[in-house]
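Each remark here refers to the structure printed beneath this line.
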Amino acid sequence: MKETITFTLNGQPTSLNIDGERTLLWVLRTELGLTGTKFGCGEGLCGACTVIVDKEAVRSCQVPVKTIAGKEVLTIEGLAQADKLHTLQEQFIQHDALQCGFCTPGMILTAYALLLRKPHPSREEIIQGMDDNLCRCGAHKRIVEAIESSSKKR
Ligand code: FES
Ligand code: FES
């Protein structure tokens, strides 16, 4: 059954008349055209679909869109400010922390939430915090270096 769901998306008020059981992942990608959020496993296991909801990293493939009513959602498309990349985005580029790039939006947003919780994590804490995000290209080492470098610039 369709219902009206209102939330904030990348700083903009957003309202949709939609089946509230649809997942946030597919609503972002199809109704809203924000394809930076990726479909990997669809089972909450890979992290490719990670977005920020009320400052926490969530796996959007597991989130019925009705549960985000009234909340603030940040996707990779909303991270740069006025054409200035976020430090994490800059450092991923600097450290060559991606190959195909499929995991990258989820990696960056998971790191974003990690740095909100802990602005200056140790390398071990970064590795632990990113442990459940998978990169099929094997860029994990450079991803950790990019996050570490980003934390030092804050
Ligand atoms: S697509 Fe959501 S965790 Fe893999
Ligand atoms: S860069 Fe290809 S999956 Fe991570």
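Extension gain for the segment residue 86 to residue 128, taken as residue separation times 0.36 nm less the Cα-Cα distance, is 12.9 nm to one decimal. Of the three principal axes defined by the Cα atoms of the chain, the extents in descending order read 46, 31, 24 Å.
Measuring with a 1.4 angstrom probe and ignoring ligands and nucleic acids, residue 84 comes out at about 110 Å² accessible. Each Cα pair under 8 Å and six or more residues apart adds its sequence gap; the mean of these over the residue count of the range 1-152 is a relative contact order of 24 percent.
If you filter the range 30-98 for GluC sites (Glu not before Pro), then keep DSSP loop positions with at most 11 other Cβ within 10 Å, what is left?
Numbers: sites: 31, 43, 56, 72, 77, 90; in loops: 43.
Those that pass, being in a loop and sparsely packed, are 43.
Taking a temperature of 25 °C and a viscosity of 0.890 mPa s, what whole-number D in µm²/s does Stokes-Einstein yield for the range 1-58 with Rh from Kirkwood over alpha carbon pairs? The Stokes-Einstein estimate is 200 µm²/s. Across the range 138-143, coupling constants 3J(HN,Hα) worked out from phi with the 6.51/-1.76/1.60 Karplus curve, θ = phi - 60°, read x, 8, 3, 4, 6, 5 Hz, and Gly and Pro carry x.
Calculate for the chain the 222 nm mean residue ellipticity that helices alone would give, adding -39,500 (n - 2.57) per DSSP H run of length 4 or more and normalising by residue count, nearest 500 deg cm²/dmol. Before the final figure, lay out the partial values.
Values: 4 runs with 42 residues, N = 154.
Roughly -8000 deg cm²/dmol at 222 nm, from the helical runs in the chain.
Applying a DSSP loop filter and a limit of 15 other Cβ atoms within 10 Å to the trypsin sites (Lys or Arg not before Pro) in the range 24-55 leaves 55. Length gained on full extension, residue 41 to residue 66: 6.8 nm, using 0.36 nm per residue less the C-alpha separation.
Please count, across the chain, the pairs of lysine residues with Cα atoms under 14 Å apart that sit 8 or more places apart or on different chains. Before the final figure, lay out each step's value.
Details: 2/66; 55/71; 55/118; 118/152; 118/153.
Close lysine pairs under the 14 Å cut-off: 5.
Segment residue 55..residue 116, full-extension length gain: 21.2 nm, with 0.36 nm per residue of separation and the alpha-carbon distance subtracted. Computed over the range 74-154, the Cα gyration tensor eigenvalues convert (square root of 5λ each) into semi-axes of 17, 16, 12 Å, ordered from largest to smallest.
The values are calculated or read from the model by the stated rules, or taken from the named source; none is laboratory data. Treat the numbers as computed from the prediction; the structure is a model and nothing was measured. A quick note on method: Cβ atoms are made from the backbone with ideal geometry, for glycine too, and the neighbour counts reach across all protein chains shown. Note: accessible area is taken over every heavy atom of the protein model, side chains too, but ligands, DNA and RNA are not part of it. Shrake-Rupley method; radii C 1.70, N 1.55, O 1.52, S 1.80 Å.
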